[in-house]
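The values are calculated or read from the model by the stated rules, or taken from the named source; none is laboratory data. These figures come from a predicted structure and were not determined experimentally. As a convention, Cβ positions derive from the backbone with ideal geometry for all residues, glycine included, and neighbour counts pool all protein chains shown.
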Amino acid sequence: MFLWTSEAVSAGHPDKVADQIADAILDAHLEANPQTRCGCEVTCCKELVLVTGEVSGTPLPPGTVEDIVRKKLVEIGYNGGDSGYDGNTVQVLNKMNSQSPEIAGAVVKEGGEIGAGDQGMMFGYACDETKHYMPLAHSLAFKIINTLEQARRNDPQCILLPDAKSQVTVEYNDDHTPKRVHTVLVSTQHKGTLPVESYIKSLLDKASIPVHKGKNLERLMINPSGIWNVGGPASDTGLSGRKIVVDNYGSDCPIGGGSFSGKDPTKVDRSAAYAARYIAKNIVAAGLANRAQVQLAYAIGVVEPLSVRVDTFGTSRVRDSALTDFFASGKVMSLSPRGIIERFSLRRPIYAATASGGHFGRDGFPWEALTLVKPLQDAFMA
């Protein structure tokens, strides 16, 4: 038996606020010019939102970035009043620069081919613990956050404010099968000076999330630090790209170190991570393994990946080397940046939706499709 923990954060968490602004700016650039290359970084603090980074392509009209920032802050719930932060009045400083010509030269190749926008390793993961092929603790942590955010959107009397975090600990058997939810931890910003325990318990209970101590739950903790009224960027500086473990699979899978938000798909930090998830999910969905982890590696300016590795942790009847060869060959799908971009149609303004709630395990994203299940079954189960 062992315990395993994962966390999630709300759209109003300062780091996630920064991610959402970065991806909203990226979407605006892609809408203006799908060939835009963009690397946008955002910092949110008490009196300032700073937008930095590099971009090539059609410039946005003056004032557009500031308008995007303010609209996104208000949309999240930071419109003054009890939230403690006002997107209508905070100072916005836009310091976006032109992309380095050396980087641009490495990415753009003859014949429309694309070199990787940077070096690095990317990981994808899937398991059969949940219907979306995500780790159970990670999935439950996001379910809690989604429950809180849904209440805030739909209940005019809701006492919750935008900033929140959750953490779930699952008890596993030695064979890596989940046994029970051990600990649930919820911390949320709220109105007023009264404890919110009973309110949170009722929300979680309605969402079928364990809230009753006993056989199925060892410990429930709600706002263990006490009253929490001041949150978001008003109390803690947010920085884009800082919640990369939350964005991925929690602690169940290594991360390559590169973040997602604000980056166009020539940055393999993002696009190749999506491709790795796609491969891993289809392997598990095809019934070839209970768990699968995929690593891809790239060099800046180089079209094809340097390495491909599939690891099923001994849960597959198919040799890992055979699965690796199947994808490394490039016959079933291209793992070049251009191949990945074209397979998932990644030059569209689809990224703002990814910046809160996790990039994986959610319907509607093209890298979550199960279109490789049949080719995998035909190749390995015939």
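Residues that are over 25 Å from the mean Cα position of the chain (by Cα), part of a loop (DSSP other than H, G, I, E, B) and surrounded by 15 or more Cβ atoms within 10 Å (Cβ to Cβ) do occur in region 208-215. Flag not set for GLY39, criterion: at pLDDT below 90, surrounded by 21 or more Cβ atoms within 10 Å (Cβ to Cβ) and more than 28 Å from ASN229 (Cβ to Cβ). When the test is whether a residue is over 26 Å from ASN33 (Cα atoms) and among the basic types (Lys, Arg), ARG347 does not pass it. For region 321-342, residues that are in contact with a Gly (Cβ under 9 Å, 6 or more places away or on another chain) and free of Cβ contacts under 8 Å to residues at least 60 places away in the same chain total 3. Total residues in region 31-52 satisfying the condition of being closer than 24 Å to ALA11 by Cβ and in contact with a helix residue (DSSP H, G or I) (Cβ under 8 Å, 6 or more places away or on another chain): the figure is 10. Within the set GLY57, GLY115, the sole residue that is within 30 Å of PRO254 (Cβ to Cβ) and of a type outside the set (A, V, I, L, M, F, W, C) turns out to be GLY115. Take the residues in region 309-340 that are within 16 Å of ALA126 (Cβ to Cβ) and among the β-branched types (Val, Ile, Thr); name whichever of them is surrounded by the most Cβ atoms within 10 Å (Cβ to Cβ). For region 309-340, the residue satisfying everything is VAL310.
Inspection of region 52-69 finds no residue satisfying the criterion of being part of a strand (DSSP E or B), at pLDDT below 90 and surrounded by fewer than 18 Cβ atoms within 10 Å (Cβ to Cβ).
If you go through region 60-82 and keep only what is touching a Leu at 6+ places or on another chain (Cβ under 8 Å) and either among the charged types (D, E, K, R) or under 24 Å from SER98 (Cα atoms) (or both), you end up with just ASP82.
Scanning region 233-243 for residues that are of a type outside the set (Lys, Arg) and within 19 Å of the chain's Cα centre (by Cα), we see that the one that is surrounded by the most Cβ atoms within 10 Å (Cβ to Cβ) is SER240. Against the numbered list (1) more than 30 Å from VAL303 (Cβ to Cβ); (2) modelled with pLDDT under 95, ASP163 comes up short only at (2).
Conditions tested, residue by residue: (1) within 28 Å of PHE2 (Cβ to Cβ); (2) surrounded by 18 or more Cβ atoms within 10 Å (Cβ to Cβ); (3) touching a His at 6+ places or on another chain (Cβ under 6 Å).
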| position | (1), (2), (3) |
| --- | --- |
| ALA141 | yes, yes, no |
| THR147 | yes, yes, no |
| ARG152 | no, yes, no |
| PRO156 | no, no, no |
| VAL168 | yes, yes, no |
| GLU171 | yes, no, yes |
| ASP174 | yes, no, no |
| LYS179 | yes, no, no |
| VAL186 | yes, yes, no |
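Considering region 84-108, and only residues there that are modelled with pLDDT under 90 and surrounded by 15 or more Cβ atoms within 10 Å (Cβ to Cβ), the residue that is farthest from VAL268 (Cα to Cα) turns out to be GLN99.
State yes or no: is GLY314 within 25 Å of THR188 (Cβ to Cβ) and either small (Gly, Ala, Ser) or more than 18 Å from the chain's Cα centre (by Cα) (or both)? Answer is no for this residue.
The residue that is surrounded by the fewest Cβ atoms within 10 Å (Cβ to Cβ), among those in region 246-270 that are within 14 Å of the chain's Cα centre (by Cα) and outside any loop (DSSP other than H, G, I, E, B), is SER251.
Here's the yes/no breakdown for (1) outside the structural domain of GLU149 (by TED's automatic domain parsing); (2) of a type in the set (Lys, Arg); (3) touching a strand residue (DSSP E or B) at 6+ places or on another chain (Cβ under 7 Å):
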position	(1), (2), (3)
THR52	yes, no, yes
LYS72	yes, yes, no
GLU75	yes, no, no
TYR85	yes, no, no
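Of the strands (runs of 3 or more DSSP E) contained entirely in region 82-174, those carrying at least 1 residues that are closer than 30 Å to ALA207 by Cβ fall at 120-127, 160-172. Residues in region 124-139 include none that are at pLDDT 95 or above, over 17 Å from GLY250 (Cβ atoms) and not basic (Lys, Arg).
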